[in-house]
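Okay, structure first, notes after.
The values are calculated or read from the model by the stated rules, or taken from the named source; none is laboratory data. On a predicted model such as this, the values are computed, not experimentally measured, just so you know. No Cβ is skipped: glycine too gets one built from the backbone with ideal geometry, and neighbour counts run over all protein chains shown. SASA here: full protein model, heavy atoms, side chains in, ligands and nucleic acids out. Shrake-Rupley method; radii C 1.70, N 1.55, O 1.52, S 1.80 Å.
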Amino acid sequence: MIQRSLTLFAGLFALILVIGWVMGLPFTSSRLVEAAAYALIALGLNLQWGYGGLFNFGIMGFLMVGGFAVTFISYPVNPQFWGADGPWLLGRALLAFFAGALLVLAARQSHRAGITGKWKTVLTVIAWFVAYCIYRSQIDPAAAYIESDAGGKWVGGLGAHPVLGWLFGGVLAAAIAYFVGKISLGLRTDYLAIATIGISEIIRALIKNMDWLTRGTLTVSPIPWPVPLPDAYAGGGQPALLLARGGFLLLAIAVLAIAILLISRAYAGPWGRMMRAIRDNHIASASMGKNVTARQLEIFVFGSVLMGIGGAMLVSFVQIFDPSSYQPINHTFLIWVMVIVGGAGNNWGAVFGAVLIWLIWVISEPLAKAVFDVVSYWSSTAGWGAIPDIEARSAQMRVFVLGLVITIALRFAPKGLIPEVVRREG
Amino acid sequence: MTELIFFINQVVISGAVLGCIYALGAVGITLVFGILRFAHFAHSELMTSGAFFAFLLAGAFAAWGITAPIPMGFVVLPIAMVISAIFALGIDKGFYAPLRKRGAKPVTLLIASIGVTLMVQGLIRLFFGAGSYSFFETETKDVFRVDLSAFGSTRPLVITEPQLLMIVVTALSVIALHLFLTRSRLGKAMRAMADNADLAQVSGINTALVVRVTWIIAGALGCMAGTMLALDVTLKPDLAFNIIIPIFAAAIVGGLGQAYGAIAGGLLIGFAESLAVFNWTMVLRPLNAILPEWLQLPATLAFVPTEYKLTVAFVILVVTLLVRPTGIFKGASS
Amino acid sequence: MALIELKHVVGGYGGAPILNGVNIAIEPHDIGVIVGPNGAGKSTTLKAIFGLLKVTGGTIEFGGENVANSLPDRLVPKGLSFVPQEKNVFTSMSVEENLEMGAFTRKDDFRATMAWVYEMFPVLAEKRRQPAGELSGGQRQMVAMGRALMSKPRLLMLDEPSAGLSPRYVIEIFETIVRVNKEGVGILMVEQNARQALAFASKGFVLASGQNRFTGTGPELIADPEVAKSFLGG
Ligand SMILES: Nc1ncnc2c1ncn2[C@@H]1O[C@H](COP(=O)(O)OP(=O)(O)OP(=O)(O)O)[C@@H](O)[C@H]1O
Ligand SMILES: [Mg+2]
């Protein structure tokens, strides 16, 4: 088992060297930093799916939340916004929000006032409607004002350290995961999958359209780095670029290492034993009196924290937050492929899968282009004409490759390349 | 009256069109779920590829000089549906049947369907690029304007030819499906298997045959829905991928596994979406005359802004899952 | 020649075998009753005959042909029918549709058979349009039996047909089984109401741990003090 993992990791290392050699160091260094962030995200999914047996198809939402968090925390302060009426209007909207929430809560408690059954339902629905209208009546003008020139166009950031932004990404993701989990973890697997997709789409729609808060499709950049940028290094050029990225990579790997350490320790202890019991024998552990839902909620939140941090790291690294660049394929299904191929239930498997699949994902485009070029060369010399639009077509190949990889994995290695180590419980 | 016609144009017609597409898609999903017990995400790709089959056929027909009084998309639809049905059977044989044989859990099949989604979508993009296509590049899209000035409306009732045909074809398909499920031996066997697969097997029902029929129907109806969507808007590789969650929402709202529920759910989601983004000011504007100055209607008064249109389906979906996961109609709880 | 004959059948659900050599032989006019403690492998025996689990040893001959590991869609046309222990009706379908499903493998006109079933269970004729899920437990059992009879079986297998029924219904269902048998259908059933069932059984089999313990006619087994002591509760 250990030997197999070592061989696989050695192979991965060799693959990285080959890519570095063929594609150049600037390309490879970028991909490695991203791979580290994806590894963190994959660890999060591995916690949820591999350890907890919880289906999360809403990873994209958590990545976006993380990306927004780091943008908000680390982007420079926008004095125009703070100097105008925006904060005051937002404060009112916040008050309206709480007033609405209070209204809904009151309606839900209306049975104490003797209103029950159908009437309570009607009352609750009306309360939701009124609360929504109150909130909209305040937030709409506030948003319109802030988005105008006078309001500063958007709220801007807080200008704090990016690492704080990563942490906030984790916290925000945790808060959202708590609510998502609270309302949907009771559902059976396929419903949970669809519910989480639905929620992540709602998050995407919000972040994409709340221009006053996120600038939406206008995008925010440049977002600062937590480590010195390439121009901070004397000399500049490729060495400076590599040094700076190296610094980022070290930081990312440090975060990854801490996450793995914490997870492994927790999983080896009583908490992990309980988690496995719950996953492998839902009913029995429920009857044993363990609070299954609470444990599942915990693991859902923990996994989402890693996703939030990973999403924040990605945005920090590319320095731009562009809500329209988030796609379920790239940001949810890709992670699933990583965990399934790597080996659900095994942290090293998830990390291995993340790096491998990320590399496959990024090199399938140039690789496809190379293949197309060759084929095109042959077909044109054979008189059949060249393949049209090679650029555009190769860009699409990776989606196909991803699908192929997952179907092959499910068929021939359903437990993944580095499968879960089944522990005997004493 | 003008306001009413505006409402019909904006909400009733567009809601019905959207609802038809959702309903046809949701029926396929719900049947596959009923028979095979997994959420088939790749249904979106059956729809998209079906639309592309129809597109290619329409192009070929036009090239052969065949003309028809109705849009070519509808002429080739039956052939495209047959191809799609075969395609769906092939996908099952290639990707799902081996996993079922191994006794894989529904979740594994669900993940496999994601893999299929990606592969089919990758292939479509490989051949057609990422751009969009229209069925109406050479022929024109007829628009019917029913003049209602006799009823005091300054606006005509507007419906395009594809929209009208779409509603008719959907209604016919639903009736055909209903007759199939309640009158034919195979249709009843399908219901039996969705109800209790073990007992169906024990009764001697050829379950492999039922599975095949399910894929045929799912593929054919998926192709119909996809082609119609492409006829109404434009054809692009992520045509149905973008609306797969509203379609799932329709199936879940109707109760997964329930064919009639899926149709009702589809219409419900379709109407809800168009109603939610409807600008009430357009209808209520006459009220401005009697309303006091401080209560004048704003320029747009919609329940949700247009950019959140798709979100409406997600919200309905999430609320349904929380309040009544078995669907708002009497649904099987298993 | 026996209608069905099991010789040293070994089989299980993939793990350790549950059946370790079961022998059963039923003639066309027989009512065979299998009794035994919970978990003895009684239901498993019926499922093994019906191809619902893997038979790894021994032979199952039906009408002189080895049918071990044949699936139901091949067995039903040969004249074998099975009423499972639970979930044995299509709850969302009407009584009549349930019966039709029993005739799925038949290509000929089955209306006469349906009339025969309605004659045997007049209640069902009354409720033919009602969903089977809305019937009482006893009526459901009738639907299940009716469904199984629709394929005109030569051998009808029933798994605990009297489970959960009130004593009056138990007698009624047993009487119906005897009547069906008189019409020329061989019966092989598993029963917990062992004494009552063995009383009219022409063949009785006591199973324990997946093996025959005692075999004889029903009355013989009741009379056997050892059987009575260990398996019929004194
Ligand atoms: N689907 C299955 N998978 C694995 N093992 C099973 C399955 N069904 C039954 N068993 C096992 O097979 C053994 C025999 O079960 P079977 O149902 O044949 O008992 P039975 O004699 O019918 O008992 P009862 O009187 O309780 O119905 C039991 O130990 C049971 O645990
Ligand atoms: Mg039993």
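What does the accessible area per residue of the protein assembly as shown come to in Å², with a 1.4 Å probe and no ligands, DNA or RNA counted? It would help to have the intermediate numbers written out before the result.
Values: 42320 Å² over 994 residues.
In whole numbers, the protein assembly as shown has 43 Å² accessible per residue.
Within the range A:354-387, what residues put their amide N at less than 20 Å from the label point 7 Å along the Cα-to-Cβ vector of A:Phe27?
A:355-377
Using only protein heavy atoms and a 1.4 angstrom probe, determine the accessible area buried between C and B, summed over both sides, in Å² to the nearest 100.
Separately minus together, C and B give about 1800 Å² buried.
How big is Rg to Rh over chain C, alpha-carbon atoms, Rh as the Kirkwood inverse-mean-distance radius? Working shown, then result.
Values: Rg = 17.1 Å, Rh = 17.8 Å.
Rounded to two decimals, Rg/Rh equals 0.96.
Roughly how far apart, in whole Å, are the Cα centres of the range A:320-355 and the range A:230-246?
Their Cα centres are 29 Å away from one another.
Would you mind checking the tilt of helix B:309-323 against the longest principal axis of the Cα atoms of chain B, expressed as 0 to 90 degrees and rounded to 10?
60
Each residue of the range B:34-50 in turn: what ³J(HN,Hα) in whole Hz from Karplus with 6.51, -1.76, 1.60 and θ = phi - 60°, glycine and Pro shown as x?
x, 8, 9, 6, 9, 7, 8, 5, 5, 4, 4, 6, 4, 5, 5, 5, x
Roughly how tilted is helix C:137-149, in degrees to the nearest 10 and between 0 and 90, from the longest Cα axis of chain C?
90
Give me the lysines in straight-line cross-link reach of A:Lys153: C-alpha distance below 22 Å, same-chain residues under 8 apart excluded.
Straight-line reach from A:Lys153, under 22 Å: A:Lys208.
Counting only protein heavy atoms and a 1.4 Å probe, tell me what percentage of the range B:2-244's accessible area is made up of carbon and sulfur.
Working: 6020 of 8930 Å².
Its accessible area is 67 percent carbon and sulfur atoms.
Give the aspartates and glutamates reachable from C:Lys182 as a straight Cα distance under 16 Å; neighbours fewer than 8 places away on the same chain don't count.
C:Glu27, C:Asp30, C:Glu119, C:Glu172
Once you place label points 7 Å from the Cα toward the Cβ at C:Ala228 and B:Asp142, how far apart are they in nm?
For the pair C:Ala228/B:Asp142, the computed spacing is 9.0 nm.
Rounded, prolate or oblate: pick one for the range A:12-91, where a ≥ b ≥ c are the square roots of the eigenvalues of its C-alpha gyration tensor, a/c under 1.5 means rounded, and failing that, prolate if a/b is larger than b/c, else oblate.
On the way: a/c = 5.13, a/b = 1.56, b/c = 3.28.
It comes out oblate by the Cα gyration axes.
Under a crude label model (7 Å from the Cα following the beta-carbon direction), how far is C:Lys182 from B:Ser132 in nanometres?
It works out to 7.6 nm between the two label points.
Rounded to the nearest 20 debye, what is the charge dipole size of the protein assembly as shown about its Cα centre when +1 sits on each Lys and Arg Cβ and -1 on each Asp and Glu Cβ? Don't jump to the answer; show the numbers that get you there.
Numbers: 72 positive and 57 negative charges, 374 e Å.
Roughly 1800 debye for the protein assembly as shown.
So for the range B:2-244, what percent of the C-alpha to C-alpha distances run longer than 23 Å?
Numbers: 15590 of 29403 pairs.
Looking at the range B:2-244, the distances longer than 23 Å represent 53 percent of pairs.
Just to confirm the number: angle between the C-alpha axis of helix B:259-276 and the first principal axis of chain B, 0 to 90 degrees, nearest 10?
Between the helix axis and the principal axis of chain B, the angle is about 30 degrees.
Accessible area of the range A:79-153 with a 1.4 Å probe: how many percent of it is carbon plus sulfur?
Numbers: 3480 of 4910 Å².
The nonpolar share, carbon plus sulfur, comes to 71 percent.
Over the Cα atoms, compute the radius of gyration (one decimal) and Dmax (the largest Cα-Cα distance, rounded to a whole number) for the range C:152-211, in Å.
Looking at the range C:152-211, its Cα Rg and Dmax stand at 11.7, 34 Å.
How much of the DSSP bridge set in chain C is antiparallel, in percent, rounded to the nearest 5?
Numbers: 21 of 38 bridges.
Just about 55 percent of them are antiparallel.
Once whole DSSP H runs in chain A are found, which of them have Cα atoms spread over 18 Å or more along the helix axis and a mean Kyte-Doolittle score of at least 1.0?
Span-like helices here: A:2-23, A:25-45, A:59-74, A:86-108, A:162-184, A:237-268, A:292-318, A:347-381, A:390-412.
In a Debye calculation with equal point scatterers on the alpha-carbon sites of the range A:79-153 and no solvent, what is log10 I(q)/I(0) at q = 0.16, 0.20 Å⁻¹?
Each listed q corresponds, in turn, to -0.61, -0.76.
Going 7 Å from the Cα of B:Tyr260 in the Cα-to-Cβ direction, what parts of the range C:110-152 have a backbone nitrogen less than 14 Å from that spot?
C:130-131
Using the alpha-carbon centroid of each, what span in Å lies between the range A:359-418 and the range A:138-190?
Using only Cα atoms, the two centres lie 37 Å from each other.
How much FRET efficiency would the formula 1/(1 + (r/R0)^6) give for B:Ile70 and B:Glu293, where r is the Cβ-Cβ distance and R0 is 51 Å, rounded to 0.05?
Working: r = 53 Å, r/R0 = 1.03.
My answer for the efficiency is 0.45.
Which residues does a label at B:Ala60 reach in the range B:123-157, if reach means a backbone N under 18 Å from a point 7 Å past the Cα toward the Cβ?
Zone members listed by number: B:124, B:127-128, B:135.
Compute the Cα gyration tensor for the range A:185-277, then decide on rounded, prolate or oblate, letting a ≥ b ≥ c be the square roots of its eigenvalues: rounded whenever a/c is under 1.5, prolate when a/b is larger than b/c in the other cases, and oblate in all that remain.
Values: a/c = 4.03, a/b = 1.30, b/c = 3.10.
It is oblate, given that a/c is not under 1.5 and a/b is not larger than b/c.
Considering protein heavy atoms only and a 1.4 Å probe radius, which residues within the range A:174-194 exhibit an accessible-area decrease of no less than 40 Å² in the full assembly relative to the chain by itself?
Residues shielded by partner chains are A:Ile183, A:Leu187, A:Arg188, A:Asp190, A:Tyr191, A:Ile194.
Can you list the residues of the range B:181-199 that have at least 30 square angstrom less accessible area with all protein chains present than in their chain by itself, probe 1.4 Å?
By number: B:Arg185, B:Lys188, B:Arg191, B:Ala192, B:Asp195, B:Asn196, B:Leu199.
Restricted to Cα positions, what overall size does the protein assembly as shown have along the principal axes? Three whole-Å values, descending.
Projected onto its principal axes, the Cα set of the protein assembly as shown covers 101, 84, 82 Å.
Modelled label-to-label distance, A:Ile253 and A:Arg108, 7 Å Cα→beta-carbon offset: nm?
Going from the A:Ile253 label point to the A:Arg108 one covers 4.7 nm.
Straight distance only, please: which lysines reach the Cα of B:Lys105 with their own Cα at less than 23 Å, same-chain residues fewer than 8 apart left out?
Qualifying lysines at Cα under 23 Å: A:Lys415, B:Lys93, C:Lys47, C:Lys54, C:Lys87.
What's the buried accessible area, both sides, between A and B using a 1.4 Å probe, rounded to 100 Å²?
On the way: alone 21350 and 16120 Å², together 33560 Å².
Approximately 3900 Å², summed over both chains.
Cα centroid distance between the range B:167-237 and the range A:47-79, in Å?
39
I need the per residue convex hull volume for the range C:130-234, using only the alpha carbons, in cubic angstrom as a whole number. Display every interim value, and only then the final one.
On the way: hull volume 12.5 nm³, N = 105.
It is 119 Å³ per residue.
On each of the three principal axes of the Cα atoms of chain A, give max minus min coordinate, whole Å, ordered largest first.
80, 63, 50
Can you list the residues, at least 5 places off or on another chain, whose amide H is less than 5 Å from the amide H of C:Met157, using H built in the peptide plane?
Here the answer is C:Ser81, C:Phe82, C:Val83, C:Leu188, since their amide H atoms fall under 5 Å of that of C:Met157.
Which peptide among B:27-34, A:151-158 comes first, and what is the full order, when sorted by highest mean count of other Cβ atoms within 10 Å?
On the way: B:27-34: 27.9, A:151-158: 20.4.
The densest-packed peptide leads the list: B:27-34, A:151-158.
What shape does the range A:303-366 take by its C-alpha gyration tensor, where a ≥ b ≥ c are the square roots of the eigenvalues and a/c under 1.5 counts as rounded, a/b above b/c as prolate, and the rest as oblate?
oblate
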